[in-house]
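The values are calculated or read from the model by the stated rules, or taken from the named source; none is laboratory data. Keep in mind that this is a model prediction, so the values were computed, not measured. Cβ placement follows ideal geometry from the backbone for every residue including glycine, while neighbour counts extend to all protein chains displayed.
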Amino acid sequence: MKLTRRALVAAAATSGALVQAAPGAAQALAALPRLPAKDAFAKMPFTHLDAGSTHPMPLGARAALEEYLRYKTQDGTVTNYSVGAKETAMIAKFAELVGAAPDELSLIQSTTMGENLVIRALGIPESGGRIVTDALHFFGSFYTYGELAKAGMDVVTLPITKDGRIDMGQMAAAVNDKTKLVSISAVSTTNGFAHDLKKVCDLAHAHGAYVYVDMVHAVGVTPIDLRAAGVDFAAASSYKWLMGDFGLGFLYVRKEIQDKVKRPWWGYHQVNAFKSHVFPYDEPGPGAATYGVSPDAAGKFAMGTTSWTGVVQLDHSLGFIQDLGVPAIEAARQPLIKAVQTELRGRGYQPMTPLDSQTALVAFALKDARAKLGELIKAANIRMTVSQNRFRVSLAVFNDMNDVDRLLSALPRTPPA
């Protein structure tokens, strides 16, 4: 890998601190020669710094999908193929990534579906009470909580501090004995800020409140242990850092609370025993059928069929992530994060991400960013999120310092007026 002078200087400036980058970083260093994992992905004809929007599919996942398609066409070239076995293995891999047991997980369609199922399972808004969330939660959920406020819930949205955080003191003042739910993102899609989940859960539980966590920007790229933190509910889609696709995600429900919440809907994938009473030769019985439901998260939150292509793709991608190791993934990106943060702050760009952040997202505020930077970034053949008044860099397992250097070379030396 050939590095530019700027990239070499930036890497050298941070290498001494890499071991302190994250818990387990010393052990993770052994895996660093495998990172960046460029060979695991197609040769992209541009610099991809937008995995936080949609992560490219690994080549191994593409091969797994091609095998599935041969199986699906029933051409006889693929035998002894079981999507059910792949689904079971895939759920187990995801459980290991997030510190959960498989029976604490249910497959869902999206993160937003998971959040809404949690709200309904808690009897909100009929229950009344307070919801505490924050301005660094997923902005799509602003609509959800705005409507719940109209429905009578007392919704408190904590502000962003000047250095891009959510203040725990303000959260402690907001959470009270009337609080029903604390709803946050483990890692913010806006700026990469990471909550201390254990502190949030301890605070909420002390007041009898539940905690929901949007973990879509944590799982697969930043270490997370839901059970150790005491998280009650969490959800994630798979098309971001899990390297999956749209239409398949996960809902986590802590085992100890599964019997305490309502069933938000009814779907036949909740059923674990079934006997009909309406067809020829059926035994007679009460109603059309007798049935039982699984005593786990799926038994309360599952619905119907899920994406088989998503299952096949994730079965590979989750194994790939496990093989690399999340601590190693986190450690490897620290020099890249440092280079972006140091250089752009030095040029006068307004940082949105805390300086000590170790997550995969780095954001800066710039008035009219899309108008000022959109065409410039496109001309430089860079893919990156440029919003109306901010831009965000996403650093994936295939990115290296040359990618960062291309971005820094493309951006104006001073923030455009």
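Data table
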| read-out | value |
| --- | --- |
| Some residue of the stretch 373-385 being assigned to a loop (DSSP other than H, G, I, E, B), touching a strand residue (DSSP E or B) at 6+ places or on another chain (Cβ under 8 Å), touching a residue at least 12 places away in the same chain (Cβ under 8 Å) and not assigned by TED's automatic domain parsing to the domain that holds residue 57 | no |
| So residue 57, is it closer than 30 Å to residue 410 by Cβ and either modelled with pLDDT of 95 or more or not in a helix (DSSP H, G or I) (or both) | yes |
| Residues located in the stretch 63-81, provided they are in a helix (DSSP H, G or I), charged (D, E, K, R) and either over 22 Å from residue 319 (Cα atoms) or in contact with a helix residue (DSSP H, G or I) (Cβ under 7 Å, 6 or more places away or on another chain) (or both) | 72 |
| Scan of the stretch 265-308 for residues that are touching a Leu at 6+ places or on another chain (Cβ under 6 Å) and not in a loop (DSSP other than H, G, I, E, B), ordered by number | 301 |
| Flag for residue 84 being more than 24 Å from residue 220 (Cα to Cα) and either over 20 Å from the mean Cα position of the chain (by Cα) or assigned to a loop (DSSP other than H, G, I, E, B) (or both) | no |
| Matching option when the condition is touching a Phe, Trp or Tyr at 6+ places or on another chain (Cβ under 6 Å) and over 22 Å from residue 265 (Cβ atoms), among 99, 164, 146 | 164 |
| From the options 314, 318, 344, 336, residue that is assigned to a helix (DSSP H, G or I), of a type in the set (A, V, I, L, M, F, W, C) and surrounded by fewer than 23 Cβ atoms within 10 Å (Cβ to Cβ) | 344 |
| Conditions (1) under 21 Å from residue 225 (Cβ atoms); (2) buried (at least 22 other Cβ atoms within 10 Å of the Cβ); number of the one not met by residue 171 | (2) |
